[in-house]
Amino acid sequence: MKIFLIAGTEDGRKLAKFLSDNGQEVTASVVSGYGKKLLEEYKNIKVNDKKLNAAELEKILRDEDFEILVDASHPYAENISENAIDACRSSKIFYIRYERPEVKFNYKKIFRAESYEQAAEISARLGKNIFLTTGSRNLKKFLSCEEIKNCNVTARILPTAEVLAECESLGLSPRQIIAIQGKFSVELNVELFKHTDAEVIVTKNSGEVGGADTKIAAAEILNLPVVMIERPKIFYPNVAKSFIEVERFIVGKVESNFGIYRTTDGD
């Protein structure tokens, strides 16, 4: 099968390799030079590194005769998934969502937030030294909230020139930036939280791949409150929770005679 795979994450890259190793023709899509470099290590995988909106994605799916789109984007990449679903519906391409499993927590000091803005409001009530572990993509939303103006925010980000420049443009000083690539151990998280005198941890439930488990474990050791931004609520036509389940959908597509795009309402 000819597969277009949205692969902007570590598990997305691994899934691309898994499908390629199992005989599928895979084109993996990323939006950064770093992601492209990592994928180029796999010889049999084509790479698309152009950022695509819904119309552009639909065009490439049609023009290059893809049969399946596998959406392995980040659990919080809401716009990417919605564009992919729309493009598949318009071009009649079978859509599969690989959804990274969430981590289950019993820690009593977790405060749920449905948005970055709400997370900022809750964080400001819980403490003044806020350690932000949600990356840079929505940093502006968080820092723009009025409640945060009187707080000290430390942002842990990827150490790339582009991200550092964004942090500087948003007014963060060098002492407010920790530029380092994860995944982080419990012990390292503990030391970073202690080093910055963190009073509140802000994170997302991005699964074990995203280090959610070790962040919560470190916060629990230090008895720190955690503001957890919930995953966006999206209707995915077909959802797989493992690589094997993705493969089963593909096999089912090959064997099926009923339409190339399936939804629960029969469209």
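Readers should treat all values here as calculations from the given coordinates under stated rules, not as data from a laboratory. Predicted model, so just to flag it, every value in this text is computed and none were measured. Ideal geometry is used to build each Cβ from the backbone, glycine not excepted, and the neighbour counts take in all protein chains shown.
A few notes on this one:
- Potential lengthening between residue 183 and residue 59 on full extension [0.36 nm per residue; Cα-Cα distance subtracted]: 41.1 nm
- For segment 46-180, the relative contact order comes to 16 percent (Cα pairs under 8 Å, sequence separation of at least 6).
- Note on residue 105 and residue 150: their simple-model spin labels are 2.6 nm apart, each label 7 Å out from Cα toward Cβ.
- Angle between the chain longest axis and helix 78-91 axis [Cα atoms, degrees, rounded to 10]: 10
- Remark: the residue 25-residue 40 segment gains 3.9 nm on full extension, using 0.36 nm per residue and subtracting the alpha carbon distance.
- Between helix 54-63 and the chain: long-axis angle, C-alpha atoms, 0 to 90°, nearest 10: 30
- The protection proxy used here, the mean number of other Cβ atoms lying within 10 Å of each residue, ranks peptides 63-73, 172-182 as follows, highest first: 63-73, 172-182.
- Partner aspartates and glutamates for residue 233 [C-alpha distance under 15 Å; skip if fewer than 8 residues away on the same chain]: 78, 82, 99, 102, 114
- Amide proton proximity set for residue 93, modelled H, under 5 Å, gap of 5+: none
- Length-normalised contact order of segment 1-88 in % [C-alpha pairs under 8 Å, at least 6 apart]: 36
- Nearest-ten-degree value, helix 116-126 long axis tilted from longest Cα axis of the chain: 20
- Lysines whose Cα lies under 18 Å from that of residue 253, excluding same-chain neighbours fewer than 8 positions away: 2, 92, 241
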